[in-house]
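Each remark here refers to the structure printed beneath this line.
The values are calculated or read from the model by the stated rules, or taken from the named source; none is laboratory data. Here the structure is a predicted model, which is why all the values come from computation and not from measurement. FYI the Cβ positions are ideal-geometry reconstructions off the backbone, even for glycines, and counts take in every protein chain you see. Just the protein is used for accessible areas: all its heavy atoms, side chains included, with ligands, DNA and RNA removed. Shrake-Rupley method; radii C 1.70, N 1.55, O 1.52, S 1.80 Å.
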Amino acid sequence: GKEVCSLRGHSGSVFSVAFSPDGKTLASGSSDKTVKLWDLSGGTPVEKGTLKGHSEAVSSVAWNHDGSLLASGSEDGTVRLWTPDGQEKGTLRGHSAAVNSVAFSPDSKYVASGSGEFGKSDNSVRIWEVATGKEVCSLTGTIASW
């Protein structure tokens, strides 16, 4: 493959990227505690917004099935939900360690978040109802011995 372009704008390492379902927007999450949205619909990609709200690095970003909602997971232990124009729709709290991964269910009714950090006891997957922001269930693991 050939590099098409390079998007620069974060002041820290980029940990996660996700294309919107229509391919017109790219979300990127960074150690600078922000999510950036990039407009890819024209000939030249353009930064279209910076989403601020996390107090630690953003480790994961994911779009729902129709691109109407973006989830971001952070080392601050929260999941934030955003509209494509950058408005925060809610914060999901319940993890006691960094959120390393987020994903929507195929119908977008739920968002799952995976958490865990060396030396902390969370190590769980939590499933949240998007409409209410309530935790539906928690799947808990243990710390592996090496």
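Rounded, prolate or oblate: pick one for region 64-146, where a ≥ b ≥ c are the square roots of the eigenvalues of its C-alpha gyration tensor, a/c under 1.5 means rounded, and failing that, prolate if a/b is larger than b/c, else oblate. All intermediate terms of the calculation are to be shown ahead of the outcome.
Details: a/c = 2.30, a/b = 1.87, b/c = 1.23.
It comes out prolate by the Cα gyration axes.
Quick one: net charge of Asp76's neighbours, Cβ under 11 Å, K/R +1, D/E -1? Don't skip to the answer; put the middle values down first.
Numbers: positive: Lys33, Arg80, Arg93; negative: Glu56, Glu75.
So the surrounding residues net to +1.
Looking at region 1-92, the accessible area is 50 square angstrom per residue; that uses a 1.4 Å probe and ignores ligands, DNA and RNA. Dipole magnitude for region 66-146: about 180 debye, using +1 per Lys or Arg Cβ and -1 per Asp or Glu Cβ, origin at the Cα centre.
Using a cut-off of 12 Å between beta-carbons, work out the net charge of the residues near Glu117 (Lys and Arg +1, Asp and Glu -1, Glu117 not included).
-3
Amide H to amide H distances under 5 Å link Lys48 with Leu37, Trp38, Asp39, where only residues 5 or more positions off or on other chains count and H is placed in the peptide plane.
What shape does region 91-135 take by its C-alpha gyration tensor, where a ≥ b ≥ c are the square roots of the eigenvalues and a/c under 1.5 counts as rounded, a/b above b/c as prolate, and the rest as oblate? Here region 91-135 falls in the prolate category.
The count of lysine pairs in the chain with alpha-carbon distances below 19 Å, taking only pairs 8 or more places apart or on different chains, stands at 13. Solvent-accessible area of the chain (1.4 angstrom probe, protein heavy atoms only): carbon and sulfur portion equals 50 percent.
The overall shape of region 1-76 is oblate: from the C-alpha gyration tensor, with semi-axes ordered a ≥ b ≥ c, the ratio a/c is 1.5 or greater and a/b is no larger than b/c. The distance linking region 14-45 with region 90-132 is 21 Å (Cα centroid to Cα centroid, whole angstrom). Summary value for the chain: 14 percent relative contact order, contacts being C-alpha pairs under 8 angstrom separated by 6+ residues. What FRET efficiency comes out for Ser41 versus Glu129 if R0 is 35 angstrom and r is the Cβ-Cβ distance? Round to the nearest 0.05. Calculated transfer efficiency: 0.65. Overall, the ratio between the Cα radius of gyration of the chain and 2.2 N^0.38 Å, rounded to two decimals, is 1.05.
Give, as a single signed number, the net charge of other residues whose beta carbon lies under 11 Å from the beta carbon of Asn100, with Lys and Arg counted +1 and Asp and Glu -1. With Lys, Arg at +1 and Asp, Glu at -1, the net is -3. Applying 1/(1 + (r/R0)^6) with r as the Cβ-Cβ distance of Cys5 and Val136 and R0 = 41 angstrom yields a FRET efficiency of 0.55.
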